[in-house]
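Trainee: What follows is a structure written as structure tokens; I'll ask about it next.
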Amino acid sequence: MCRGGRRLPGLIPVSGVVRSVAELVAAARGGERRAVARLLTLVERGGALADEVAERSWSALGGTPDESADGRRAHVIGVTGPPGAGKSTLVAGWMIRLVERGCRPAVLAVDPSSPLTGGAILGDRVRMADATAAGVFIRSIATRGHAGGLALAVPGMVRVLELGGFDPVVVETVGVGQVEVDVASAADTVLVVVTPGMGDAVQANKAGLLEVADLFAVNKSDRPDAADVRRDLELMLDLSGLTGHHREGVNDRPSITSTVATTGVGLGELADATETHLVKLSAAGILGARREERWRSEVRSHLDRLLLDSSHHLVNGLIRGSLMTGDAASYGTSPAAVARGLALLLAEQMTEHLDGVVEDDR
Amino acid sequence: MSKSPEEVGGFKNHPPIRVVLAKLGLDGHDRGLKVVARMLRDGGMEVVYLGLRQTTETIIDAVEQEDADVVGISMLNAGHLTLGPRMVGALADAGLDVPVVIGGIVPDEDLPALVDAGVAGVLGPGASADEVVACVVAAADSRG
Amino acid sequence: MNDPIENHRFRTLSGVPVDVVYGDGPEPGEFPYTRGVHAEMYRSRLWTMRMFAGFGTATDTNARFRELLAAGGTGLSTAFDMPTLMGRDSDHDWALGEVGRAGVAVDTVEDMADLFAGIDLGAVSTSMTINGPAPILLAMYVVVAEEGGVDREHLSGTLQNDIFKEYQAQKEYIFPPRPSVRLVTDVIRFTAAEMPRWNPVSVSGYHIREAGSTAAQELAFTLANGFAYVEAAVAAGLAIDEFAPRLSFFFNSHLDFFEEVGKFRAARRIWARWMRDRYGATDERSMKLRFHTQTAGVSLTAPQPEVNIARVALQALAGVLGGTQSLHTDSFDEALALPSEDAARIALRTQQVIAHETGVTNVVDPLGGSAYVEWMTDEMERRAEEVFAHLEDLGNGSLLEGVYAGIENGWFVGEIADAAYRYEREVNAGERIVVGVNAFTEGDDPSKRRLLRIGQDTEDLQLKRLAIVKQARDNTAVAETLAQVATDAIEPSTNLMPALINAARARVTVGELVDVLEAKFGTYVERVVV
């Protein structure tokens, strides 16, 4: 197998020059795309270097989850929807319009990995070629292949892009798995894209997309049955008070924009709608709350990871050490009772282990 | 043999090699490119697939933004002596130290010229999955 | 030499006289034509030995055309270079390094004139492999003929003009599917009215197979595309029997001998049934599927390339026993480079051996009645019908809408990519033997190869030529004819052919015309299915 081969980038040659994380962060702040790209790689890989990137970029951004003093926090937009809804084409055309309005957008495009090999074919750039040409920064991410999983990697990557001065930062995922939906919905504004002809509105409902949507785009709206999907959506939104299918803590009814991504119809309106949404969030005082909520959930992801990493390791040790050597291996005791006993042992060992981990960080 | 989640997806010690895969030039035969994309995926790599009709500029944008380890370009139109060296040169001009692997119909007698031009590997029609993966791994390893 | 009605041809090599056909059931030339579209097949007329050629400048290719005609070839087949296939001029950014490499460069009607210089277009039949910009190249061909004194009604030949398989397999598309199909039906309407000896579409499975499909997929997708064109032409106002007799087909002949023969036989039967029963054709010619065959380029190997001569011979034989109307045999060195002159000659000689030495032409459908071949024919048909049912479902009863839907949702591309990958894995795993590649590998000698090289000077020459034509033309006429094309493009009921012919006459380039159409029609970007 070929998974060897690549060494970890301890010291980081970019353009043949070895740079530290601090230097990369400084270069990224200056807008250097290559430094941004390398920092994204480091975050994706996880480990001590990722932690260093996280800390340096966090403090460079002003160290608060809300608007920072230098205005570097970007409008983070999640985009999700069923496969084949035309999300990539839509995002590409929309971003080009933002470039024309003087923005500097970046896109994180998430594609599924093969569950068997961890490899992935990331194809979103094909439909985003015009956006690349217009200067949009695009990074493809596989759902697997990150220490700590997508939920841990993406917020860190978003922060690197904010550091690089990109705004807005769009996170695009296929809305099929819970992880993908969660990742896209960890945003200031969440756009759900549906299309006519595939029972999309109903599918979106089933996939739990209605609960996360701030806005909808009905793409391919030049099709004859576009009116149907729009009507289905309106109906579901009418009933959302009863069914509970709506985004929590928001009273505004999500707006619906009709688009034809391939010809550009509706993309200007979509750009307006997302900007308006940010302004409204801010005015209603919800933006800060949302960002704090994201911050909390990111803390939680890190915590989960830390605990999982250490417990996985320690539990294996306990099972092997205690049960195999016969100390606790009395069949007279129920498995549940043995586990309770081991849990106390585990708690002690974890304290020591985590002390070590935190110590290493310093 | 079962694998832990880290071994399968986490790549704690061996992050997946990232390959930008593109067809340079106008020709639309993408069978080979697609087969190679799947071979590399099945070899555990992350393939950033650009597909047909790319230029050296679009490939460089992708290599830079995706922080790719290797560029794989395919051509079936006898343009390898023009396009291969041009790709290597364009990457070098952009300051990107990323090896280039070429796939396509390349006569043996052209190999020395391509090696001189800095092409890291050449894959002909009928290269096996193992050869394709090994070639890309070797190219990634050749990187400083 | 080429007279097929020679006495000795209806006896075996040992002098045993043989009948025209053996076995029961519907005879060759009778509905549903499973056994052949003519009663006597190759007894009365051999297939057309149509060798595909094109490289360098138009003058280079013209020389190759004349050699092929002198060597006994009976039809011309033109390969255009990539910029031309994509509708771009030789001076376009994309064209750099590709001018004249994989085919001949044609920018204006002047190049088309050079391509056919000294060849009587009223006497030869010409095939042009071009799709996205096909109506433009046909317009140029018409102008060349008329400027040389041959009326369009006397022109005989085939325009590939099959855009569906471009989205499905070959990827040489320019505009989105619907406006592209309008261009296809414009050509069908135009030739139906003014070029009675011209085949306006060659519905092509060849490229679908080369992209990695199975034989059954090749058969099914190709015929589905054919039905879709029929529905599109009927929707454009033509009666079925006005155009269907001139639709032709183009299949691949691959290595699994009996599967290929079954595929060809099934193709004729399916087409006949669908044309009569579903589309209401009454003219027998509308029901007769006529096809060109090319041996499978994808089966050629780079190691031990001489072995390809044997592969090509067997594939060609399958095409002949399947009842093809014309045949291109690949050159053995095509896995290494563009065909060299020697290799192209051997390929033609291979057809001549089959035609004149093997005796297989003495009897029509000699494999008909074989239990295996008849079963295979039925099986191919059954598998194809499954695909038609799926597409009909996708299109709510319309094959045309089903094909559009299958293109838009990536179904065709996905099916083909899966089949291609399956095959590669089988070869990799050694489950399939490819002689000289994963078995019997000793004896390869690369030093003996003599390959065709195309130099940089082709590109320089072509660029100079284009500049001269642009310099010499009347720019007012260029602007006026282009404006007319733009006007006609936005009116779907107007046939674009007359405006394109006027523009070709005014020395407007392929690229200029494509730009104008692209501005009206848009550009196609495929949905990625890897």
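No lab work stands behind these numbers, since they all come straight from the coordinates. As the structure is a prediction and not an experimental result, all values here were calculated from the model. Counting neighbours? That spans all protein chains shown, and the Cβs are built from the backbone with ideal geometry, glycine included.
Trainee: Sum up the charges of everything whose Cβ sits under 14 Å from the Cβ of C:Val150, counting Lys and Arg as +1 and Asp and Glu as -1, but leave C:Val150 out.
Mentor: Counting the neighbours of C:Val150, the net charge comes to -4.
Trainee: Take the Cβ-Cβ distance between C:Glu385 and A:Glu352 as r, set R0 to 51 Å, and report the resulting FRET efficiency rounded to the nearest 0.05.
Mentor: Values: r = 70 Å, r/R0 = 1.37.
FRET efficiency, C:Glu385 to A:Glu352: 0.15.
Trainee: Okay, next question. Taking all pairs of different Cα atoms in the stretch C:6-80, averaging 1/r and flipping that mean, what Kirkwood radius in angstroms comes out?
Mentor: Over the stretch C:6-80, the inverse of the mean reciprocal pair distance is 15.5 Å.
Trainee: For an R0 of 56 angstrom, estimate the FRET efficiency from the Cβ-Cβ distance between A:Glu234 and C:Thr12 and round to the nearest 0.05.
Mentor: So the FRET efficiency works out to roughly 0.10.
Trainee: Further question on the same structure: Per residue of A:30-36, what is the mean number of Cβ atoms on other protein chains within 10 angstrom of that residue's Cβ?
Mentor: Counting Cβ atoms of other protein chains within 10 Å of each residue's Cβ and averaging gives 2.
Trainee: How large is the charge dipole for chain C, taken about the Cα centre, if only the Cβ atoms of Lys, Arg (+1) and Asp, Glu (-1) carry charge, to the nearest 20 debye?
Mentor: 640 debye
Trainee: Tell me the mean residue ellipticity at 222 nm calculated for chain B from its helices only (DSSP H runs of n ≥ 4, each -39500 (n - 2.57), averaged over every residue, nearest 500).
Mentor: After summing the helix terms and dividing by the residues of chain B, the value is -12000 deg cm²/dmol.
Trainee: What average number of partner chain Cβ atoms lie no more than 10 Å from the Cβ of the residues making up C:332-340?
Mentor: 2
Trainee: Can you divide the C-alpha Rg of the stretch B:16-109 by 2.2 N^0.38 Å and report the result to two decimal places?
Mentor: 0.99
Trainee: Counting Lys and Arg as +1 and Asp and Glu as -1, what is the net charge of the other residues whose Cβ lies under 10 Å from the Cβ of A:Pro155?
Mentor: +1
Trainee: Given the C-alpha atoms of the protein assembly as shown, compute the convex hull and give its volume per residue in Å³.
Mentor: Working: hull volume 212.9 nm³, N = 1036.
That works out to 206 Å³ per residue.
Trainee: Using Cα centres only, tell me the gap between the stretch C:481-497 and the stretch B:40-87 in whole Å.
Mentor: Between the Cα centres of the stretch C:481-497 and the stretch B:40-87 lies a distance of 39 Å.
Trainee: Between C:Glu392 and C:Arg473, with labels modelled 7 Å along Cα→Cβ, what's the label distance in nm to one decimal, could you check?
Mentor: Taking the two extended label points, one gets 4.7 nm.
Trainee: Of C:Ala192, C:Tyr173, C:Ser331, whose Cα points farthest to the positive end of the dipole of the protein assembly as shown (charges on the beta-carbon: +1 Lys, Arg; -1 Asp, Glu; origin at the Cα centre)?
Mentor: With unit charges placed on the Cβ atoms, the residue in question is C:Ser331.
Trainee: Which whole-angstrom value gives the distance between the alpha carbon centres of the stretch A:211-230 and the stretch C:91-164?
Mentor: Each part's Cα centre sits 45 Å from the other's.
Trainee: What percent antiparallel are the DSSP beta bridges of the protein assembly as shown, to the nearest 5?
Mentor: Percentage antiparallel, nearest 5: 10.
Trainee: Work out from phi, with θ = phi - 60° and the Karplus expression 6.51 cos²θ - 1.76 cosθ + 1.60, the ³J(HN,Hα) of each residue of the stretch C:252-259, listed in order in whole Hz, and give x for Gly and Pro.
Mentor: Per-residue couplings from phi come out as 8, 10, 9, 8, 7, 3, 6, 5 Hz.
Trainee: Residue farthest toward the positive end of the dipole of the stretch C:335-465, with Cβ of Lys/Arg at +1 and Asp/Glu at -1: which of C:Tyr404, C:Val363, C:Leu461?
Mentor: Of C:Tyr404, C:Val363, C:Leu461, it is C:Leu461.
Trainee: When Lys and Arg each count +1 and Asp and Glu each count -1, what net charge do the other residues less than 10 Å away from A:Asp188, Cβ to Cβ, add up to?
Mentor: Taking every Cβ under 10 Å from that of A:Asp188, the sum is +3.
Trainee: Could you give me the ³J(HN,Hα) list for the stretch B:49-58, computed from phi with Karplus coefficients 6.51, -1.76, 1.60 and θ = phi - 60°, whole Hz, x at Gly and Pro?
Mentor: Karplus-based 3J(HN,Hα) across the stretch B:49-58 equals 8, 9, x, 7, 6, 9, 10, 4, 5, 5 Hz.
Trainee: Can you list residues whose amide H is under 5 Å from C:Phe249's amide H, if they're 5+ apart or on another chain and H is modeled 1.01 Å from N?
Mentor: Amide H neighbours of C:Phe249, under 5 Å, 5+ apart: C:Val203, C:Arg290, C:Phe291, C:His292.
Trainee: While we're here: Which one of B:Leu123, A:Val160, C:Gly430 is farthest out on the positive end of the charge dipole of the protein assembly as shown, using unit charges on Cβ (Lys, Arg +1; Asp, Glu -1) and the Cα centre as origin?
Mentor: The residue sitting farthest along the positive end of the dipole is C:Gly430.
Trainee: Hey, can you rank B:59-66, A:225-232, C:177-184 by average C-beta count inside 10 Å, highest first?
Mentor: Final packing ranking: B:59-66, C:177-184, A:225-232.
Trainee: Below 8 Å between Cα atoms, with a sequence gap of 6+, how large is the relative contact order for chain C in percent?
Mentor: It comes to 20 percent, rounded to a whole number.
Trainee: Jot down the per residue volume, in cubic angstrom and as a whole number, of the convex hull over the alpha-carbon atoms of the stretch C:62-200.
Mentor: Taking only Cα atoms, the stretch C:62-200 has a hull volume of 106 Å³ per residue.
Trainee: Which is the longest part of chain C that has none of the GluC sites (Glu not before Pro) sitting in a DSSP loop with at most 12 other Cβ atoms within 10 Å?
Mentor: In short, C:7-356.
Trainee: About the Cα centre, and with charges only on the beta carbon of Lys, Arg (+1) and Asp, Glu (-1), how big is the dipole of the protein assembly as shown? Nearest 20 debye, please.
Mentor: Numbers: 98 positive and 142 negative charges, 70 e Å.
My answer is approximately 340 debye.
Trainee: Whose amide H sits under 5 Å from the amide H of C:Gly369, counting only residues 5 or more places off or on another chain, with H placed in the peptide plane?
Mentor: For C:Gly369, the qualifying residues are C:Glu374.
Trainee: Another question, if that's okay. If you find the alpha carbon centre of the stretch B:115-144 and of the stretch C:508-524, how far apart are they in angstrom?
Mentor: When both Cα centres are located, 39 Å separates them.
Trainee: Could you give the radius of gyration (one decimal) and Dmax (whole number) of the Cα atoms in the stretch A:67-284, in Å?
Mentor: Rg then Dmax for the stretch A:67-284, in Å: 16.4, 49.
Trainee: Given C-alpha coordinates of chain C, what is the ratio Rg to Rh with the Kirkwood estimate of Rh?
Mentor: Rounded to two decimals, Rg/Rh equals 0.95.
Trainee: If I take R0 = 30 Å and measure r between the Cβ atoms of A:Ser59 and A:Gln178 in this structure, what FRET efficiency does the formula 1/(1 + (r/R0)^6) give, to the nearest 0.05?
Mentor: Working: r = 32 Å, r/R0 = 1.08.
So, using R0 = 30 Å, E works out to roughly 0.40.
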